[in-house]
Amino acid sequence: MSGSSFVFYRFKSQREPSRIAFDGTAISVWDLKKEIIAENKMGKGADFDFAIYNADTEEGECLFYYFPLFV
């Protein structure tokens with residue numbers, strides 16, 4: 001993918017981060033969630049939700065599903 005950006009993520013049970021590639025400089029939280037669910041074969045994603053934390057500070061962020069995430 002040329003001109004791609006990446007979001008690195010890690011579940012608490014993982015040691016190493018995984019990444020999601022996307023075109024452009026922003027991805028909505030909704031699209032990011034869909035990509036993580038698809039990549040990890042987690043079904044429809046109706047039985048759980050994700051919390052997003054800053055990896056450096058471990059502080060949580062309250063983000064709406066359609067809020068763009070700029071990287």
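Structure data summary
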read-out	value
Projected label distance in nm at residue 52 and residue 19, using a 7 Å step from Cα toward the beta-carbon	1.9
Residues 9, 53, sorted so that the one with the fewest Cβ neighbours within 10 Å comes first	53, 9
Cleavage-rule hits (trypsin sites (Lys or Arg not before Pro)) in region 1-51: DSSP loop, at most 13 neighbouring Cβ within 10 angstrom	10, 12, 15, 41, 44
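Read-outs: derived from the displayed coordinates by stated rules, not from any lab. Here the structure is a predicted model, which is why all the values come from computation and not from measurement. Quick reminder, even Gly has a Cβ in these numbers, built from the backbone with ideal geometry, and neighbours come from all protein chains shown.
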